[in-house]
1. Quick check: is even one residue across the range A:291-311 among the acidic types (Asp, Glu), within 28 Å of residue A:18 (Cα to Cα) and out of contact with any Ser or Thr (no Cβ under 7 Å at 6 or more places or on another chain)?
2. When you go through B:432, B:487, B:376 one by one, which is the residue that is over 22 Å from residue B:305 (Cβ atoms) and buried (at least 19 other Cβ atoms within 10 Å of the Cβ)?
3. Going through the range B:44-67 one residue at a time, which ones are more than 8 Å from chain A (Cβ to nearest Cβ) and among the aliphatic types (A, V, I, L, M)?
4. Within the range A:201-233, which residues are under 17 Å from the mean Cα position of the chain (by Cα), surrounded by fewer than 20 Cβ atoms within 10 Å (Cβ to Cβ) and of a type in the set (S, T, N, Q)?
5. Among the residues of the range A:101-120, is any in a strand (DSSP E or B), at the interface with another protein chain (Cβ under 7 Å from one of its Cβ atoms), of a type in the set (A, V, I, L, M) and over 23 Å from residue B:31 (Cβ atoms)?
6. Considering the range B:64-83 alone, what residues qualify as being under 22 Å from residue B:224 (Cα atoms) and of a type in the set (A, V, I, L, M)?
2 protein chains.
Amino acid sequence: MAKELKDLTKRSENYSQWYNDLVVKADLAEQSAVRGCMVIKPYGYAIWEKMQQQLDRMFKETGHVNAYFPLLIPKSFLSREADHVEGFAKECAVVTHYRLKNDPEGKGVVVDPAARLEEELIIRPTSETIIWNTYKNWIHSYRDLPILCNQWANVMRWEMRTRMFLRTAEFLWQEGHTAHATQEEALAEATKMLNVYADFAENYMAVPVIKGVKSANERFAGAIDTYTIEAMMQDGKALQSGTSHFLGQNFAKAFDVKFINNENQLEYVWATSWGVSTRLMGALIMTHSDDNGLVLPPHLAPIQVVIVPIYKNDEQAAEINRVVEPILSELKSMGISVKYDNADNKRPGFKFAEYELKGVPVRLAIGARDIENGTVEVMRRDTLEKSVAQLDGIANYVKELLEEIQGNIYQKALKHRESMTRTVETYEEFKVEIEKGGFILAHWDGTPETEEKIKEETKATIRCIPFDGDKTPGVCMVTGKPSTQRVLFARSY
Amino acid sequence: MAKELKDLTKRSENYSQWYNDLVVKADLAEQSAVRGCMVIKPYGYAIWEKMQQQLDRMFKETGHVNAYFPLLIPKSFLSREADHVEGFAKECAVVTHYRLKNDPEGKGVVVDPAARLEEELIIRPTSETIIWNTYKNWIHSYRDLPILCNQWANVMRWEMRTRMFLRTAEFLWQEGHTAHATQEEALAEATKMLNVYADFAENYMAVPVIKGVKSANERFAGAIDTYTIEAMMQDGKALQSGTSHFLGQNFAKAFDVKFINNENQLEYVWATSWGVSTRLMGALIMTHSDDNGLVLPPHLAPIQVVIVPIYKNDEQAAEINRVVEPILSELKSMGISVKYDNADNKRPGFKFAEYELKGVPVRLAIGARDIENGTVEVMRRDTLEKSVAQLDGIANYVKELLEEIQGNIYQKALKHRESMTRTVETYEEFKVEIEKGGFILAHWDGTPETEEKIKEETKATIRCIPFDGDKTPGVCMVTGKPSTQRVLFARSY
């Protein structure tokens, strides 16, 4: 482990390599034999499971139910909505056959040409089409609305350049698909779910986010409007962390989904969709971690506290076990996830390095001397500070410390974002500032052409038109035309 | 709803149609636009979620962790294990391309011939191959063992004849894949997980099962031995409900996974795999339900109790609401899932029929007269019996009733199975008895040839060689050759 830690690239040397190293060395994920697809290892999956559980709870509290729709989508469905097909056709994995057979030349198996599908099927890149084709049968009257479904699923987008968690060909996500009787209700739903995502990002992931609406260029393929939460990574790049789409009547029209409204008129149904994915794992890792490894927010850490005994002989070990036992019970009864690592085939220093690498928020170390003194050594992962605490009342101390760490890493990320967010007036100034990374608030004339020009010349995109903050109008930094408010620019993942 | 209920085919008329009707009418699932793939609707998915939660808990209690492996598997991986490819090649969905493009003739999108994969990928029918290819990197020494991973995933087997939940092209399941240093340990794991499945089937699904080992003909493709739990449906057919495989060193050899054992020698790793799927939903439905609809075991019912108010005016409605409020709180505090259906756009009779169809275990109906008398009408779904209970202490009464129902439907299923299980001595007798359905215990000479002959002549297969029960040797009913014990025959799903 000492060796592995030494191998972890420093952020200042190569941020990108640091990320890749960390994902592998902290046992979160690894590349698989299939191009662009990763294996999510047990420790990484345990974090994802905690995210899922909390999000699922929040979805249910807001009235949603889970369902499951097919993995495969008839190719023709994709063409029904013009923007949608434009957005996804180029990255679809296509199933063309349904059988293999023995190679006549004796080399393993080959695709059986006789088992060709009449219509090719694509692996879902997202499920609007298959779901709206299904909703057609579920919706007849306003009494059938709203429909508030979510699905936890795998999806596939054949990306050319992939990075673990951030951009993989296959990824895990949830996709909410709702159907409403009015535009107003659908808009309210899209906003509600964006707020759920922001709440989750800030209060569980400890990742501050900026809420806003995407420009037309960055909108989901098929949406009228895409709302987004944007987070800033330690290298100053933006990471789109969750999106919620107001789809208008686009998919209802594409799949002919009408309902009798309460005035007895036939009308197309209004829709939203919203999703977050295993990409959140990337945001979590890149927001908080350091050159020693992962830093996990206590609210999502699979192990919140680890206790390591330090002893010289069996007698001391037995004595420490005896003292630790009631502490374990008390922590567990408080709902705190604790691991007692008294394995005797690894030295304490090795264990310390391992739990640091894995981002366990609090480490307690107890030796014979501590027991004599009624104390315990406490190390908090966020600051790496060690202190000595009283054994008496340690469970409550740890509980409070976990909350303090949760708050501290959020504040640290927020300060970092604030220090890396600037307002600029001129395009010249913008070009200089964007090279330094971070978020830039600037005026834009609202046209796709200007946005495209800025992207080509600076690699920066409009991350969102923020909902909150300064709404003062001005003039576009590029064209001098009127601007209704400053928008958020950054280079992004 | 009344109309829908009337449309539910009776079991005695057409059991198979009854099942299909019920799946659709109880809102469990429906066919999708993709051949052989179903949509699992919210109510069906809610039951599956309860199954998942309980199974996941049991897997974790027995030391397992979750992980996630890729959906797509390189075609060549399948060929590495001879039996495995033989078993699965004929039902594989094959991905051959990774891009669509606009049809040059302007008709939607077509597969882009330039985006052909060098090696085709198959959608996992099961994940032994991709997982053992991954384990190769995880396992070097006996200190890396055991590995106890499970994954919750979708898989695809291109079945020609499909039935919702029982046999679908895509289905949801969990697959455990474990790696061990010794044969003994792998055998113990395979047995342990079969017992977990049996425990789940009997104590949560209320489905009695017979545990045993499969004959060679019925073994998982690539296994040394397949253990199974077999349940009997109401029509007397068997349903294989879960399997656990001892894989020996087959996959370790196919993917060259060796480890240094504690005697410093290089050895192939020992393996198991085990899985249950959404097929369990089929078992659940077919074991307990009746001509009025679903009957759900309380331990897996998404709604355990429904309360329906019966009132003639707003004043009565308000009074009932007032009385019901504390009952709801008390039931919820006991961990009981309760729904208060005071929607005023449906009549009580309509609601009664709906909750009967959906299998809610206990229904309470409260009217103004009840409140005067301090009583409530209780209907239990398993027997459809109505009784009057005291409002005072109703929560405890309901809690006990739920346990009674759970026990009762298990006993009912067990009695049914016992009444439909017979012992026969001669093949003539066997041929007569098998036509009546049910399980038949008979002697068999242990050869695949005899098993095949019986299957061809009677459509019955050996469901398992039971672990428990009569172990007296005898002679094969077909060939007269020696038999070590009776085996379990049935026609099956």
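The values are calculated or read from the model by the stated rules, or taken from the named source; none is laboratory data. This one's a predicted model, so the numbers in the text were calculated from it and none came from an experiment. Positions of Cβ are generated from backbone atoms using ideal geometry, with glycine treated the same way; all protein chains shown enter the neighbour counts.
1. Pass one, the range A:291-311, residues among the acidic types (Asp, Glu): A:291.
Narrowing further to those that are within 28 Å of residue A:18 (Cα to Cα): A:291.
Those still in the list that are out of contact with any Ser or Thr (no Cβ under 7 Å at 6 or more places or on another chain) too: A:291.
Yes, the conditions are met somewhere in the range A:291-311.
2. B:487
3. Result: B:47, B:51, B:55, B:58.
4. If the condition is that a residue be under 17 Å from the mean Cα position of the chain (by Cα), surrounded by fewer than 20 Cβ atoms within 10 Å (Cβ to Cβ) and of a type in the set (S, T, N, Q), then A:203 is the only one that fits.
5. Taking the range A:101-120 and keeping what is in a strand (DSSP E or B), we get A:101-102, A:109-111, A:116-120.
In the following step, the residues that additionally are at the interface with another protein chain (Cβ under 7 Å from one of its Cβ atoms) were identified as A:101, A:109, A:111, A:120.
Subsequent filtering for residues that are of a type in the set (A, V, I, L, M) retains A:109, A:111.
Narrowing further to those that are over 23 Å from residue B:31 (Cβ atoms): A:109, A:111.
Scanning the range A:101-120, I find at least one residue that is in a strand (DSSP E or B), at the interface with another protein chain (Cβ under 7 Å from one of its Cβ atoms), of a type in the set (A, V, I, L, M) and over 23 Å from residue B:31 (Cβ atoms), so the answer is yes.
6. Hits for the range B:64-83 are B:78, B:82.
The rows are residues; the columns are (1) buried (at least 21 other Cβ atoms within 10 Å of the Cβ); (2) more than 27 Å from the chain's Cα centre (by Cα); (3) among the charged types (D, E, K, R).
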| residue | (1), (2), (3) |
| --- | --- |
| A:263 | no, yes, yes |
| A:273 | yes, no, no |
| A:284 | yes, no, no |
| A:297 | yes, no, no |
| A:302 | no, no, no |
| A:314 | no, yes, yes |
| A:325 | no, yes, yes |
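Yes/no matrix, rows are residues, columns are (1) under 26 Å from the mean Cα position of the chain (by Cα); (2) part of a helix (DSSP H, G or I):
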position: B:455; (1), (2): yes, yes
position: B:464; (1), (2): yes, no
position: B:477; (1), (2): no, no
position: B:489; (1), (2): yes, no
